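> Sharing a structure here in structure tokens format.
The values are calculated or read from the model by the stated rules, or taken from the named source; none is laboratory data. As the structure is a prediction and not an experimental result, all values here were calculated from the model. Backbone-built Cβ (ideal geometry, glycine too); neighbour counts: all protein chains shown. All accessible areas refer to the heavy atoms of the entire protein, side chains included, with ligands and DNA or RNA removed. Shrake-Rupley method; radii C 1.70, N 1.55, O 1.52, S 1.80 Å.
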Amino acid sequence: WFCRYLRFSDDARADFSGRGGEILGWWIVWVVAGRRWNISGAEGVLLDIALYLLGLWSTLKILRWFVRHVELGSGRRFSFLGTYVELLGWEILLGLSVLTVIGWAWVLAAMYRWMACNTSAKDVALRFQGVGLEILWRTVVAILLSVPVVTIPWAWLWYTRWLVQN
């Protein structure tokens, strides 16, 4: 559904050919890795670190799978070339930037630029044009618009449309 409504600057359309069963194993790994097992001591810390790294690996696998199954109307397929180490670096930086209260938005903008630069198809280049301040204020507005529960779908659709357009 998401890809069906994508429109690119050259009027190209996109389609998604993936099926859930193809990625079910990595999705299960992602879910299990995201669970907290409440094991105390050094073993618990090591398990949390291992699960985080495993969850990040499954995130990369899911991202590559998703991108690989997006096809432009011209038949061109995308691929994601970002590496695990790069994604780990971005995740660590994003986690640390949350401590600054607002800096995460600028890190997220840079991370989106990295993701766009590492997503390509033959003769197609993606670029993220948004900046941290735009992400910050839109996130705050979307959260505020989510207070009355009935407006949640509209608020996050508005936010997602802006992300995709940029």
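> Confirm whether residue 159 is open to solvent by 40 Å² or more (accessible area, probe 1.4 Å) and outside any loop (DSSP other than H, G, I, E, B).
Numbers: open to solvent by 40 Å² or more (accessible area, probe 1.4 Å): no; outside any loop (DSSP other than H, G, I, E, B): yes.
For residue 159, the condition - open to solvent by 40 Å² or more (accessible area, probe 1.4 Å) and outside any loop (DSSP other than H, G, I, E, B) - is not met.
> Please give the helices (runs of 4 or more DSSP H) falling wholly within segment 35-127 in which 1 or more residues are at negative phi and acidic (Asp, Glu). Working first, answer last.
On the way: elements: 41-68, 84-97, 104-117.
Result: 41-68, 84-97.
> I'd like the full set of residues that are touching an Asp or Glu at 6+ places or on another chain (Cβ under 9 Å), farther than 17 Å from residue 92 by Cα and surrounded by 11 or more Cβ atoms within 10 Å (Cβ to Cβ), limited to segment 25-56.
Narrowing segment 25-56 to residues touching an Asp or Glu at 6+ places or on another chain (Cβ under 9 Å): 36-37, 39, 52, 56.
Next, from what is left, pick out any that are farther than 17 Å from residue 92 by Cα: 36-37, 39.
Correct list: 39 only.
> Select from segment 124-156 the residues that are open to solvent by less than 30 Å² (accessible area, probe 1.4 Å) and small (Gly, Ala, Ser) and write down the one among them that is farthest from the chain's Cα centre (by Cα).
Top of the filtered list is 146.
> Moving on. Quick one: which of 52, 84, 112 is in contact (Cβ under 8 Å) with a residue 40 or more places away in the chain and of a type in the set (Ser, Thr, Tyr)? Full working, then the answer.
Numbers: 52 fails: in contact (Cβ under 8 Å) with a residue 40 or more places away in the chain; 84 fails: in contact (Cβ under 8 Å) with a residue 40 or more places away in the chain.
It is 112.
> Right, something else. Considering (1) touching a residue at least 12 places away in the same chain (Cβ under 8 Å); (2) under 26 Å from residue 67 (Cβ atoms), say which one residue 133 fails and leave the rest.
Residue 133 satisfies all of (1) touching a residue at least 12 places away in the same chain (Cβ under 8 Å); (2) under 26 Å from residue 67 (Cβ atoms) except (2).
> Which ones in segment 1-24 are open to solvent by less than 50 Å² (accessible area, probe 1.4 Å) and part of a helix (DSSP H, G or I)?
Restricting attention to segment 1-24, the residues satisfying the condition of being open to solvent by less than 50 Å² (accessible area, probe 1.4 Å) are 3, 6, 12, 14, 17-18, 23.
Passing the criteria: 3, 23.
> Has segment 98-117 got any residue that is among the aromatic types (Phe, Trp, Tyr) and either at pLDDT below 95 or out of contact with any helix residue (DSSP H, G or I) (no Cβ under 6 Å at 6 or more places or on another chain) (or both)?
First, pick out the residues of segment 98-117 that are among the aromatic types (Phe, Trp, Tyr): 104, 106, 112, 114.
Narrowing further to those that are either at pLDDT below 95 or out of contact with any helix residue (DSSP H, G or I) (no Cβ under 6 Å at 6 or more places or on another chain) (or both): 112, 114.
So far as segment 98-117 goes, yes, one or more of its residues are among the aromatic types (Phe, Trp, Tyr) and either at pLDDT below 95 or out of contact with any helix residue (DSSP H, G or I) (no Cβ under 6 Å at 6 or more places or on another chain) (or both).
> Only one residue in 109, 116, 121 is over 17 Å from the mean Cα position of the chain (by Cα), open to solvent by less than 90 Å² (accessible area, probe 1.4 Å) and within 24 Å of residue 63 (Cβ to Cβ), so which one is that?
On the way: 109 fails: over 17 Å from the mean Cα position of the chain (by Cα); 116 fails: over 17 Å from the mean Cα position of the chain (by Cα).
One residue alone meets the criteria, 121.
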